[in-house]
Every structure is written in C-alpha cells, then in structure tokens.
Amino acid sequence: MHIHIPDGVLPIWFWGSGYLVTFVFLAITLYKTKKDIKKIPLTAMMVAVMLIVMSIPLGIPFHINLSVFSGLMVGMYFSLIASFVVNLILASFGHGGLTIVGLNTIILWFEAIIGILLFKTLHKLSKNYFMTASISTFFALVCSAFLVIGAVAISTVNPAEFLHHHKEMERLQVSLPTFILITLPIAVIGAALEALITGSLVQYIRKIKPDLLERGK
Amino acid sequence: MKEEIVKVDCLKHVYPDKTEVSVCGLSFVVHRGEKVVLIGPNGSGKTTLLHHIIGLLKATEGEIKVFGLNPCKNFKKVVRRIGVVFQNVDEQLIGPTVWDDIAFSPMNYGLSKKEVKKRVEKIIKELKIEYLKNKIPRYLSGGEKKKVAIAGALVIEPELLVLDEALSELDPESKRIMIRKFNELNKKNKITIVLATNEIDMVKKFADTVYVLEAGEIKYRGSPKEFFKKKIKYEICRH
Amino acid sequence: MSSIYLIDYYSNSIDSIIHRSSIISKLIFLVLVLSSILLTKSLINLLFIVSTIFILIIVAKLPFLKILKWSLFLVFFASLFAVSQIGYGLLPIQTTLKAMSASLLMLLIICTTPYPEIFSIFNRISTTLASIMFLSYRFFFLLLDEIEMKLKAIKIRGGYSGSLIKRMKNIGMLIGSLFILSIEKSERIYNILRIRGFKGKVYCFREHEFAPRDLLLIGIGLIILLGMFV
C-alpha cells in the first residue's frame, strides 16, 4: 500500500520526518549490507516486479504491491532498499509526489517487516507455507492500511495549519470516519487478494527454489 | 603435447527440481590454442557442459578440470581467465551504456581507469562498433547486443573463450567479421575457444575439433574433415 | 506502462539544450524550483513557475500535451484535497497548482535526463543502492517486454471480458508467469554478474563537466526562488 499524495499538500515537518526516518534506517541498512552482493540482483528483480505488478489493472481501485513477498525473498534489510527504490522510481515518473517518497518507503517497509516477523512466528507453529504466508500478508497489509489512515488523518490538519483556522479540526472529526469507511473495505479486499497471491507464490517457491526462502531469512 | 585447458569426464548434475542432466560418453578435452565446436540439438546438454566449465554448476558426479583446477571450487581464479558469451545476450548486458558494459569486467577486476579506457576503445574499434558506444543496450538490435557482449568478453583478454550460441543472431557479414576476429585472436594470442552451436556450417568455418553431443552423451570427437566424411551431420540436423 | 517506455525514449532520443545540460545543473534546478513550489503561498508565484516549466517543456522539444496529461494523474489526487479546502479562499487552486507544477517539474527532469545519469549520482552515496537502481531499471524493461506480450495475448483471447473472478484468475496467471520469469532471470543474471567479476558496483562513466549552458537552468531556478521574496 502507498499513498498518492501530491507535492505541496502535506506539511514540511510531516514529509520531512518521513525522509529523516527513511534516511536513518537506509544509512544503517546500506552499511550493514555493504558486503552482501549476492542479494543485489534479486532485490533489483523484486523492485522491477513490484513496479510492474503495481501497474497491472485489476478492475478494482487497488493494486498489488508484493511488498511482503519481496520482503520474504530478500529479507528485512534489502526490503527497505527495495521500498525506497520503488517509491523513488514511481515518484520520478509522476505516480506520487517526490516529497512523499520517505513516507511511502516507511509504509512499504512496515508491511514487509510485519509480514516477515509474522511469517517467521507462524512458521514455527505450522509448516503450511501457503497458510502462513497468506495470513502474514493479510495482517501486514491491514496493519499498514491503519498506518496509511493515521498518516492521512494527521495530514488533513494541513489547511488549518495554513490558515490558523480551528474550524478545520471540527471538520476532521467528521471526515476521518468517512475516509476510514471508504478506505478500509477496499484495503481489506485488496489485502485478502494479495494474501492469496503471496501464499501461492511462497508455496511455489518452496517447491522450486527452497533456498531462496532461506536466503530471505 | 599441448597443455590441457579443459578436461571433462562423465559429468552428472542434479538441478534443485531434481532434473538430472548428464554429459557422458567420450571425454571432453580442449588443448591450449584449440578451437572446439560443440554441436548438438537443443536440450542435448551443451549449456550444462559449458556451465560446468565456467564453474557455475557443481558436478554431482564426474570430474572436471579447467586450467588444472576445479572451476566450481576455484571459481574466482578460473573465471578471471575466461571470457563468456551466453545464448540470451539481453541478460548479459549489465552496464547502463554500451561503453559502461564493455568496461564492466575490467573495472570490477580493479584495472586502472586509463587501462580500461585503452582496452575498451581498442576492442570497439576492432569489432567495428564505435557507433554504438554511447547507446543504451535496450535500444540495440539483437545482433548489436551480441557484438557488445562479445566485446565485453574479449576486453578482459581471456585465455579461454566460451561461446554459447554466440553467433546465432548475427547477420552474415557480422558473423564473418566475428569469425575472422576469433580466428585472429586464436592465432595471435593463442586464445582457446569453445563454441556451442546447432549450426552445422560453424564446423566447417571454425573448428579444429568437433564434439557431437546428443541426449547427454558425447557421441563423436574428431576433425571437421572426418566429421563430414562420416556424414554425422545428418543425424544432428534432423532434430 | 507505455508512459515509462515513452519517458525513457524522450530522455534518450531527443536532443535539446535541456537534454544536454548536466545532471548537476538539473538537480540544482530541481531543488530550487521544488523548494519554491513548496514554500510559496502566492498564487502569482505559482502561475509564474507553471508557465516557466511549460516554456522549458517546449524548449526541451517534449510533446506538451502528453506531458500535461501525465501530470494530471497527480492533479487528480490534488483535487481531492482541494475539494476539502473549498471555503478557504484561493487555497484549493493553490493546492492544485502546487501539485501540477511539482509533477510537471519531475516530468521535465526525467524526460530530459537519460537514466544512467540520474542513477550514477547515487554511486557517490552507495554503490549497493546505485547497483539496485541500475539493475532494477534494466530488469524492469526486460520483464516488461515479455509481460506486455502476455497481457496482449490475454486481452486478445478475451481474458478481460469475463466475470471478475475469471479476470482475477487470468491476472493471477499473468503474475505467476511474471514471477517465474523474474526468478529464473535473476538467477541467470546473478551468474552472469559473478562471471563478469561483479563486486557490488555498476560503473557508469559520465562526465559531469560544467558547461556554460548549465547556467541557464540554474539561473532560471534562482530567478524562481528569488521571485518568492518579491
């Protein structure tokens, strides 16, 4: 999941902190992965796959990300790099503001982390790869939907900030539940769909390239 | 007696999906300065054999020596001396531009920028691809991509050149230039060349020694003259 | 997807003074203009920025209407925000203009700069990051070429005309084949990288020499930024 917020809508402190968090973690990640060149081509391939699946029309206002799946493939560190590169490329092609890259990177990475952690935990309980990957993906995406809702809720304060108008805060009380009401069902359907796809892919990987899943860990 | 550069004895490889590919029959031996054409239909095991020579695959059974070493165990040492051109050339071009791609290996091997520049300029001149040097690989035709990949393999000045269907997409004129170039390199620099193909005329134009591989078995080893005399080609071409 | 093909084509095949400007000058221009867009609260300033970018798009010999159309993707999202701002004077128009000018600015830069130039900048920050960028861009087109063919085949064979479940099934098949393709490719490419001596850096020889023409973009950027204080 990511947000299509154009430049100039969010307050600087908000998108700025998105960048700050992204850069801090990215710096740590790049330092830690400096010598791990084995995962570079696979991560790049996951970026390419994510970019392509994001542009496949599904017939509903949702697109697949494969963030959890690529997280399972490349692991926690490389999935941050992948999230950053995906969002940077999307922004440069006009599919999101440049200012939103930091926030979107965090959202995608958040999905991947939750997915990876859940998958690892569930995997201890059950060896059914399809089930564990699907459940992990579903919960990761639903969690990230709440993160997006939270981000949008904070960002809606924007007009009031601009004009020092307190009426806006009152309006926010009304618009946020409406926003949740519209977003959440789509997010849940999308999460279920992506969960099924991720589950099938992971199960398939387990058959043809079991070492890939090990590498992701 | 000439030095043995490659020696392969009855290989067997099991892929992760449990598919077994074996290359058995006669031993596969390549001497220094030799031009070997490995001919066989699709799926006969040519690529598997080449991948073992380069050190990409680890043999489950059998023995393989390249420059007297096991290429899988001594990958870095061995591969530094080998130039490779694969069948799917699109995947082989990594550099952002043609120039960058040809410079890819020498830069990674730590050669000085000056030396890399000298080598790249030399090879693009020799292969007559100066006009491509600033282009982005994606925009090249199949034949042009192949030439760039060949340049990228030759630029490291290899002792052994492994070519997997390397000339297949070239037009007749480019093919002629490349064959002339390979022959020249072979004569002047004593480069050993192994070319895998399913084109019979490459045997006539290029080979010192011919190996025929069919369904994982090396069925024939000999000179091109003998090869044509025995009319072995007819068996291959029917596939 | 076709927009990415075209953007890549425009940046590599068109020749203009903007295309020839160095990446450094373009980045300075981007920072100057984007800061102005984000910081300004004046409608006139925004109109000035948008018109300047329009002129630069024409100077860059880019297809004006096409670029405008692409920028509307974000303008659409901006208008959703703008609607909630109705009643706050000119704020909705400002929000829309800000989004539009930022989007046009990005498109101007991306359509006039070949990707090796952009990504090579990242080589100075992290070779791992730059390598992933270079390779993902390359892989993207490798996969896209094959997937476009498959997508066309699905469409031609009526794959998009059935019920939602059927459509989903076909999309699933497409994603499945994309995935198999990508795993196979990444394995093969990893082997190729090993053979070619890859040590974690995709080298890119780009001269970042400063030419007088670079002053054009920096100058315009500075004028736009200074315009905020007028």
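Some observations on this one:
- Placing unit charges on the Cβ atoms only, positive for Lys and Arg and negative for Asp and Glu, gives the protein assembly as shown a dipole magnitude near 1840 debye about its Cα centre.
- Straight-distance candidates among the lysines for linking to A:LYS124, with alpha-carbon spacing under 16 Å and chain neighbours fewer than 8 residues away dropped: A:LYS217.
- Heavy-atom accessible surface of B:LYS188, to the nearest 10 Å², is about 150 Å², with a 1.4 Å probe and all protein chains retained.
- Heavy atoms of A:LEU141 accessible to a 1.4 Å probe, total area in Å² rounded to 10: 10
- Chain C: C-alpha gyration tensor shape, a/c 1.5 cut-off, then a/b vs b/c: oblate
- Heavy-atom accessible area order for B:TYR109, A:TYR204, A:TYR77, largest first, 1.4 Å probe: A:TYR77, A:TYR204, B:TYR109
- Label point of B:LYS135 set 7 angstrom out along Cα-Cβ; within the range C:128-170, no amide nitrogen lies under 11 Å from it.
- Prolate/oblate/rounded call for the range C:98-230, Cα gyration tensor, a/c under 1.5 rounded: oblate
- Within the assembled protein chains, the solvent-accessible surface assigned to C:ILE44 is about 130 Å², based on a 1.4 Å probe.
- Using a cut-off of 24 Å between Cα atoms, the listed pairs B:LYS35/B:LYS225; A:LYS207/C:LYS166; B:LYS77/C:LYS199; A:LYS39/A:LYS209 include A:LYS207/C:LYS166 as exceeding that distance.
- Counting only Cβ charges, +1 for Lys and Arg and -1 for Asp and Glu, the dipole size of chain C around its Cα centre is about 680 debye.
- Residues A:CYS143, C:CYS111, ordered by accessible area of protein heavy atoms at a 1.4 angstrom probe radius and largest first, appear as A:CYS143, C:CYS111.
- Of the DSSP H helices in chain C, those with a Cα length along their own long axis of 18 Å or more and a mean Kyte-Doolittle hydropathy reaching 1.6 comprise C:23-39, C:43-59, C:64-84, C:214-227.
- DSSP bridge orientation in chain B - percent antiparallel, rounded to nearest 5: 50
- Candidates per chymotrypsin sites (Phe, Trp or Tyr not before Pro) in the range C:123-186, loop by DSSP, up to 15 other Cβ within 10 Å: C:TYR160
- Extreme residue, positive dipole direction of the range B:62-123, given options B:VAL85, B:TRP99, B:GLY110 (C-beta unit charges): B:GLY110
The values are calculated or read from the model by the stated rules, or taken from the named source; none is laboratory data. All values derive from a computational prediction rather than experimental measurement. All Cβ positions, even for glycine, are placed from backbone atoms using ideal geometry, and neighbour counts span all protein chains on display. The area values use the complete protein model at the heavy-atom level, side chains included, leaving out ligands, DNA and RNA. Shrake-Rupley method; radii C 1.70, N 1.55, O 1.52, S 1.80 Å.
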